[in-house]
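For reference, the structure discussed in these notes is given below.
The values are calculated or read from the model by the stated rules, or taken from the named source; none is laboratory data. Bear in mind that the values here come from a model prediction, so they are computed numbers and not experimental data. In this analysis, Cβ positions are derived from the backbone assuming ideal geometry, glycine residues included, and neighbour counts consider all displayed protein chains.
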Amino acid sequence: MGQIGSRHADIYAAMPEVQLAAVCDVEAARAKETADRLGCSAVVDSRELVGRVEAISLAVPTSLHAEIGMPLLKAGIHLLIEKPIAADLQQADALIKAAKRHRCVLQVGHVERFNAAIEAASHYLTHPRFIEVHRLSPYPSRGTDVSVTLDVMIHDLDLILWLVRSRATRIEAVGIPVLSPSEDIANARLAFASGCIANLTASRISDETIRRLRVFQEDNYLSIDYKAQTVELAHKQGHTINRVQLPVNQRPPLQEELASFVQAVTTRRPPTVSGEDGRAALALALRIEQAMRRAQHLLNV
């Protein structure tokens, strides 16, 4: 379960339309503490949940997503899997195939899709030409079993793919490990078939938290702050630049994400962020990692 899973449990427990049946954690004491606080059962093995629950949030290390998720899908349990969907594309494909075969909802936890600032800006995002992203954070207290690209940049990759709706034709990337075995800071420059260019910087060793996305179009640009949930729209008016703050109905993105998952389960409608969406973001992130390794190899030659 861990820190993220505990947050999911708190939100589910507060939903009037949801009955939180159990929490699962390999550390029995942590599972019991959360269960006692939320008034549900505690288990240490996800297999104990089969037959007892209809849907599950899977918030475990990425390397375990397929190992734990596959039996649950085969048992007919709907899944919200934290990003990235899996450790590799083969595992992602297996999860997607199992969800379809067993008629399960498979949603991937790309939480920024549910950010109110993105929703407010989406009405003005019609033809992105250049995208600049900065996602910087202090080193996390949770485990980091993947690179910063798969850990945090992938949020922005999912958003960019959703906005641009085009394939990446060229990728340049650099990254370095600092505090962990894999890259802790990375920069990627992506060219899309549509002509859009995206430049992304992600770091988990920053002194401050920054979540900012800027989208430049032919007649305006938008500056979006994920963290503050604010949006500034700038556009030319005569010979001057007019800047306005767009109205944003601020609300917790994770709460919106879980509510969307519950709605998908109860209505059997496709989830907002599907398994295929999660796979596309993973595929692009893996291509960026490959580009980083090529760049590092050229430096070492």
Subject >> Top-ranked residue of segment 215-259 - restricted to ones that are charged (D, E, K, R) and within 19 Å of the chain's Cα centre (by Cα), ranked as surrounded by the fewest Cβ atoms within 10 Å (Cβ to Cβ) >> reply: Lys227
Subject >> Residue within segment 236-247 that is at pLDDT 95 or above and either under 21 Å from Thr62 (Cβ atoms) or polar (S, T, N, Q) (or both) present >> reply: yes
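Based on what the data block shows, is Ala198 closer than 22 Å to Gly278 by Cα and surrounded by fewer than 17 Cβ atoms within 10 Å (Cβ to Cβ)? Steps first, answer last, please.
Working: closer than 22 Å to Gly278 by Cα: yes; surrounded by fewer than 17 Cβ atoms within 10 Å (Cβ to Cβ): no.
No.
Could you check, for segment 268-280, whether at least one of its residues is under 30 Å from Ala98 (Cβ atoms), at pLDDT below 95 and either acidic (Asp, Glu) or over 15 Å from the mean Cα position of the chain (by Cα) (or both)? Steps first, please.
Step one: of segment 268-280, the residues under 30 Å from Ala98 (Cβ atoms) are 268-280.
With at pLDDT below 95 added as a condition, the list becomes 268-269.
This time we only want the ones that are either acidic (Asp, Glu) or over 15 Å from the mean Cα position of the chain (by Cα) (or both), so: 268-269.
Yes, some residue in segment 268-280 is under 30 Å from Ala98 (Cβ atoms), at pLDDT below 95 and either acidic (Asp, Glu) or over 15 Å from the mean Cα position of the chain (by Cα) (or both).
Looking at the structure I just gave you, is Arg211 surrounded by fewer than 17 Cβ atoms within 10 Å (Cβ to Cβ) and either in a strand (DSSP E or B) or at pLDDT 95 or above (or both)?
Working: surrounded by fewer than 17 Cβ atoms within 10 Å (Cβ to Cβ): no; either in a strand (DSSP E or B) or at pLDDT 95 or above (or both): yes.
It is false that Arg211 is surrounded by fewer than 17 Cβ atoms within 10 Å (Cβ to Cβ) and either in a strand (DSSP E or B) or at pLDDT 95 or above (or both).
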Subject >> Residues of segment 215-263 satisfying the condition of being more than 30 Å from Val18 (Cβ to Cβ), outside any strand (DSSP E or B) and either touching a Phe, Trp or Tyr at 6+ places or on another chain (Cβ under 6 Å) or of a type in the set (Gly, Ala, Ser) (or both) >> reply: Gly238
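Quick one: is Val44 hydrophobic (A, V, I, L, M, F, W, C) and more than 23 Å from Gln255 (Cα to Cα)?
Values: hydrophobic (A, V, I, L, M, F, W, C): yes; more than 23 Å from Gln255 (Cα to Cα): yes.
It is true that Val44 is hydrophobic (A, V, I, L, M, F, W, C) and more than 23 Å from Gln255 (Cα to Cα).
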**OP:** Filter segment 265-295 down to residues that are among the small types (Gly, Ala, Ser) and touching a His at 6+ places or on another chain (Cβ under 8 Å) and give me whichever is nearest to Val174 (Cα to Cα).
**Re:** Ala281
**OP:** Go through (1) closer than 28 Å to Ser180 by Cα; (2) outside any helix (DSSP H, G or I); (3) at pLDDT 95 or above; (4) not small (Gly, Ala, Ser) and name the single condition Arg103 misses.
**Re:** (1)
Subject >> Pairs where the first residue, in segment 276-301, is part of a helix (DSSP H, G or I) and the second is at pLDDT 80 or above and of a type in the set (Lys, Arg), C-beta under 8 Å, 6+ apart >> reply: Gly278/Lys83; Ala281/Lys83
Original post:
Can we say Glu172 is outside any helix (DSSP H, G or I), of a type outside the set (Ser, Thr, Tyr) and surrounded by fewer than 18 Cβ atoms within 10 Å (Cβ to Cβ)?
Top reply: yes
Subject >> Glu132 being of a type outside the set (Phe, Trp, Tyr), at negative phi and out of contact with any strand residue (DSSP E or B) (no Cβ under 7 Å at 6 or more places or on another chain) >> reply: no
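For segment 287-297: of the residues being of a type in the set (A, V, I, L, M) and surrounded by 17 or more Cβ atoms within 10 Å (Cβ to Cβ), which is nearest to His155 (Cα to Cα)? Before you say what the answer is, go through the steps one by one.
From segment 287-297, those of a type in the set (A, V, I, L, M) are 288, 291-292, 295; that's our starting set.
Still in the list and also surrounded by 17 or more Cβ atoms within 10 Å (Cβ to Cβ): 288, 291-292.
Values: Ile288: 14, Ala291: 19, Met292: 18 Å.
Result: Ile288.
Condition (residue is among the polar types (S, T, N, Q), at pLDDT 95 or above and within 26 Å of Ser223 (Cα to Cα)) applied to segment 149-158: is it met by at least one residue? Quick ask: steps written out before the conclusion?
First pass over segment 149-158, keeping only residues among the polar types (S, T, N, Q): 149.
Pick out the ones that are also at pLDDT 95 or above and you get 149.
In the following step, the residues that additionally are within 26 Å of Ser223 (Cα to Cα) were identified as 149.
Yes, segment 149-158 contains at least one residue that is among the polar types (S, T, N, Q), at pLDDT 95 or above and within 26 Å of Ser223 (Cα to Cα).
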Subject >> Any pair with Cβ under 7 angstrom, 6 or more apart, that starts in segment 1-30 at a residue that is under 16 Å from Glu256 (Cβ atoms) and ends at one that is of a type in the set (Ser, Thr, Tyr) >> reply: His8/Ser57; Val18/Tyr12
